[in-house]
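Everything on this sheet refers to the single structure shown next.
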Amino acid sequence: VQLQACGGGLVQAGGSLRLSCAASGGTFSRYAMGWFRQAPGKEREFVALINWSGGLTGYADSAKGRFAISRDNAKNTVYLQMNSLKSEDTAVYYCAADRAVMTTRKPEQYDYWGQGTLVTVSS
């Protein structure tokens, strides 16, 4: 499975961005999907996840109430809508696919990764 993330950019604090991650080469609807981020000098951290059907989602505390993950299995795409962005949201954002039935917040358990898209929030 190949994952291609896009939608990052420069935005002012309080603004919004929508990230997209398009999958190819596999059966997208079988995978749970996750978004992770990595800020300079920090470890990669979990942001949000969604199960294969879209019926189950999960968020890091830092994302709750501001971010929304969704997917369109017909388009083989997962999205991350980010609102009320803060300077601390600045990071490279990665999408990932997990073949397991159970969803997880642990990056080491994801099987496929996209190349990342940079989000910069100016204060």
The stretch 13-116: GluC sites (Glu not before Pro) in DSSP loop, at most 11 other beta carbons within 10 Å: GLU43
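Tell me the carbon and sulfur percent of the accessible area for the stretch 4-118, rounded to whole percent, probe radius 1.4 Å.
Ligands and nucleic acids excluded, carbon and sulfur give 48 percent.
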Env charge @ GLN38, Cβ radius under 10 Å, K,R +1 / D,E -1, value +1
Could you pull out every one of the aspartates and glutamates with an alpha carbon less than 14 Å from that of LYS42, ignoring same-chain neighbours closer than 8 positions? GLU88, ASP89
20 Å Cα-Cα reach of LYS75 towards aspartates and glutamates, excluding residues that sit fewer than 8 places from it in its own chain: ASP98
Above 12 Å lies some portion of the pair distances; for the stretch 1-58, what is it as a whole percent of all C-alpha pairs? 75 percent
Counting each pair of different Cα atoms once, what's the Kirkwood radius of the chain in Å, rounded to one decimal? 14.1 Å
Which order do you get for ARG30, ARG44, ARG71, ARG105 if you rank them by accessible area with a 1.4 Å probe, largest at the top? ARG30, ARG105, ARG44, ARG71
Return the long-range amide H neighbours of SER62 (sequence gap of 5 or more, or a different chain), with a cut-off of under 5 Å between placed amide H atoms. none
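The values are calculated or read from the model by the stated rules, or taken from the named source; none is laboratory data. These numbers come from a predicted model, not from an experiment. Reconstructed Cβ throughout: ideal geometry from the backbone, glycine too, with neighbour counts over all protein chains shown. In case anyone asks, the SASA skips ligands and DNA or RNA and just uses the protein heavy atoms, side chains included. Shrake-Rupley method; radii C 1.70, N 1.55, O 1.52, S 1.80 Å.
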